[in-house]
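This report concerns only the one structure given below.
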Amino acid sequence: MASPTRNFDFPLWPQFDDTERAGLIRALEQGQWWRIGGSEVDRFEEEFAAYHGAPRALAVTNGTHALELALDVLGVRPGSEVIVPAFTFISSSQAAQRLGAVAVPVDVEPDTYNIDVAAAAAAVTDRTSAIMPVHMAGLLADMDALAKLSADTGVPLLQDAAHAHGALWQGRRLGELGSIAALSFQNGKLMTAGEGGAVLFPDAERYEEGFLKHSCGRPRTDRWYVHRTSGSNFRLNEFSASVLRAQLARLDGQIELREQRWPVLSRALAAVPGVVPQRTDERTTRNPHYMAMFRVPGLDERQRNALVEDLVRRGLPAFVAFRAIYRSDGFWEHSAPAETLEQIAARCPVTEELFRDGVWLHHRTLLGTEEQMQHIADVVAEALADRP
Ligand SMILES: *Cc1c(COP(=O)(O)O)cnc(C)c1O
């Protein structure tokens with residue numbers, strides 16, 4: 001029944017051309033390979049901040065460190081609580097736990113997969129130091145409701161924007177939303193240098209504090225080993241920054257293409273019996289589409305895993321949804337909540353289903369042809385129909 005003309009030669013990821021090559025040579029020949037005395041990291045920070053409408057951006061080693069540094073700047077300390085969605089990549093909670101803070105998972109919405117703001121509000125205590133919405137697959141969390149919650153409680157937001165390079169909330173860029181945002185440049189992310197991360201700061205003061213903390217507490221021009229604050233070494237190197245400058249220049253075109261493809265794919269998937277694609281929210285006026293996500297409600301974890309393996313056999317870059325963060329041993333190793341796993345699971349019913357029935361496709365599928373979007377849905381339909 002498989003169509004002989006079906007073609008799954010999606011564009012490869014990561015993409016590069018002579019701009020990355022030229023950047024690497026530029027970094028090599030400038031003779032300073034770290035940011036101190038180099039220019040690529042400085043230029044990248046300026047370009048990345050300007051692109052996102054943020055006063056300042058700080059480049060760091062990776063997205064996990066970007067979150068940890070941002071939480072540190074927000075004053076998260078041992079004993080603090082950080083509210084995170086239960087459905088996310090584990091870095092969201094690990095960053096808080098590395099600082100000795102308790103990561104408090106709350107449920108997500110069944111259709112956007114983003115943090116349930118009412119659940120977040122219910123979890124606020126006098127120890128809450130930050131609320132971390134994750135913009136799942138590029139769809140922004142409800143930044144209006146979250147801004148109100150933040151104003152009402154005095155608890156700052158930290159956007160985990162690891163999926164959301166270039167996203168817009170009602171026309172506003174990530175850096176214009178009033179909160180700090182952390183991004184990742186890991187190999188699969190929407191722009192990449194293999195590893196890397198950045199923090200967008202809404203003001204210069206906190207950028208300076210972040211700069212000190214990401215460089216062992218040492219001021220930019222220090223020659224006397226004066227370490228003004230505690231910190232660590234989260235500095236990005238010049239080679240990575242040169243690659244990221246090239247990647248940033250390519251981002252808009254890729255987002256435009258993915259924004260054309262997702263409505264086509266989403267409609268085709270929605271027509272497959274049993275498949276429910278991630279909802280869109282018209283308030284995310286630009287969605288960079290980090291993943292093409294859908295659910296097959298009713299599947300258990302074993303059935304979903306078998307489906308994903310079948311999709312891979314049929315040629316699709318398919319993956320299982322993130323596991324609920326509280327269902328990994330690492331979550332419980334230190335700085336775990338006082339609640340039991342069962343208690344957390346009981347107040348996260350959506351996450352409990354979503355992590356078992358969720359599937360995602362690599363964003364490079366959305367860089368494919370319009371015809372391929374229908375082929376993807378056809379293959380998903382066939383795989384579901386052929387289930388034992
Ligand atoms: C990728 C990712 C991170 C961490 O980024 P790294 O650069 O891999 O450390 C954080 N949060 C989310 C939601 C992610 O998907």
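Residues that are touching a residue at least 40 places away in the same chain (Cβ under 8 Å) and open to solvent by 50 Å² or more (accessible area, probe 1.4 Å) within the range 126-143 comprise just one, Arg127.
Does Asp18 satisfy the criteria of being modelled with pLDDT under 95 and either on the phi > 0 side of the Ramachandran plot or open to solvent by 70 Å² or more (accessible area, probe 1.4 Å) (or both)? No: the conditions fail for Asp18. For the range 340-350, the count of residues that are in contact (Cβ under 8 Å) with a residue 12 or more places away in the chain, open to solvent by less than 10 Å² (accessible area, probe 1.4 Å) and on the phi < 0 side of the Ramachandran plot is at least one. Considering the conditions (1) within 11 Å of the ligand (Cβ to nearest atom); (2) in a loop (DSSP other than H, G, I, E, B); (3) open to solvent by 30 Å² or more (accessible area, probe 1.4 Å), Thr64 is excluded by exactly one of them, (2). Residues that are open to solvent by less than 10 Å² (accessible area, probe 1.4 Å) and assigned to a loop (DSSP other than H, G, I, E, B) were ranked within the range 180-207; the one that is nearest to Gly75 (Cα to Cα) is Gly196. Residues in the range 75-91 that are buried (at least 19 other Cβ atoms within 10 Å of the Cβ) and closer than 17 Å to Val124 by Cα: Val76, Ser80, Glu81, Val82, Ile83, Val84, Pro85, Ala86.
Please state which one of Arg206, Arg267 is within 25 Å of Leu140 (Cα to Cα), assigned by TED's automatic domain parsing to the domain that holds Ser39, at pLDDT 95 or above and more than 15 Å from the ligand (Cβ to nearest atom). The unique qualifying residue is Arg206. Would a scan of the range 25-36 turn up a residue that is more than 16 Å from the ligand (Cβ to nearest atom), open to solvent by less than 70 Å² (accessible area, probe 1.4 Å) and either in the same structural domain as Tyr290 (by TED's automatic domain parsing) or in contact with a strand residue (DSSP E or B) (Cβ under 6 Å, 6 or more places away or on another chain) (or both)? Yes, because at least one residue in the range 25-36 is more than 16 Å from the ligand (Cβ to nearest atom), open to solvent by less than 70 Å² (accessible area, probe 1.4 Å) and either in the same structural domain as Tyr290 (by TED's automatic domain parsing) or in contact with a strand residue (DSSP E or B) (Cβ under 6 Å, 6 or more places away or on another chain) (or both). Selection over the range 133-179 of residues that are part of a loop (DSSP other than H, G, I, E, B) and within 16 Å of the ligand (Cβ to nearest atom) gives a count of 13.
The values are calculated or read from the model by the stated rules, or taken from the named source; none is laboratory data. Every value quoted in this text rests on a predicted model; they were computed, and no experiment measured them. No Cβ is skipped: glycine too gets one built from the backbone with ideal geometry, and neighbour counts run over all protein chains shown. Areas reflect the complete protein model, heavy atoms only, side chains present, ligands, DNA and RNA absent. Shrake-Rupley method; radii C 1.70, N 1.55, O 1.52, S 1.80 Å.
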